[in-house]
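Presented below is the structure to which this report refers.
Each value in this text was obtained by applying a stated rule to the coordinates, not by laboratory testing. Because the structure is a prediction, the values reported are computed rather than measured. Note: ideal-geometry Cβ built from the backbone for every residue, glycine included; neighbour counts use all protein chains shown.
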Amino acid sequence: MAEIHHLPRRRKQAACPVCKKPAVETFRPFCSKRCQQVDLGRWLGGTYTLPTEEEPDEADIEALARRLEDSEN
C-alpha cells in the first residue's frame, strides 16, 4: 500500500489581542513588545479580572473602601 504523507497544518495567523495586527512569533500572541507591555499593564492595573465564586471578606471590603476614599481626596 502506498505511503501517505501529510503536510503540516498551517497555523491560522493569530491577531494581537491588543491592536488586532498579526502576531509575531517573538512576542506571540502579541505583535510587538509595546502591546505585550500594554497587556501586562492592564492585568496589573485591574482592568482584567478572573471570575470567582468567593465572597469578599471584611478586610477586602475595608481595603477597597480606603482606596476609594484615598482616590477621592
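Listed values, structure above:
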{"item": "Crossing angle, helix 58-72 versus the chain [Cα axis fit, 0-90 degrees, rounded to tens]", "result": "80"}
{"item": "[x] 30, 16, 8; [y] 36, 15, 10; [z] 44, 19, 7, with the label sought being that of the calculated semi-axes √(5λ) of the Cα gyration tensor in Å", "result": "[z]"}
{"item": "Contact order normalised by residue count of the chain, Cα under 8 Å, 6+ apart, percent", "result": "15"}
{"item": "Neighbourhood charge, 13 Å Cβ-Cβ cut-off, centred on SER32 and excluding it, Lys, Arg +1 and Asp, Glu -1", "result": "+3"}
{"item": "Angle in degrees between helix 33-44 and the longest Cα principal axis of the chain, rounded to the nearest 10", "result": "40"}
{"item": "Sorted peptide list for 29-38, 47-56, criterion being average Cβ within 10 angstrom, highest first", "result": "29-38, 47-56"}
{"item": "For ILE61, ILE4, order by how many other beta-carbon atoms lie within 10 Å, fewest first", "result": "ILE4, ILE61"}
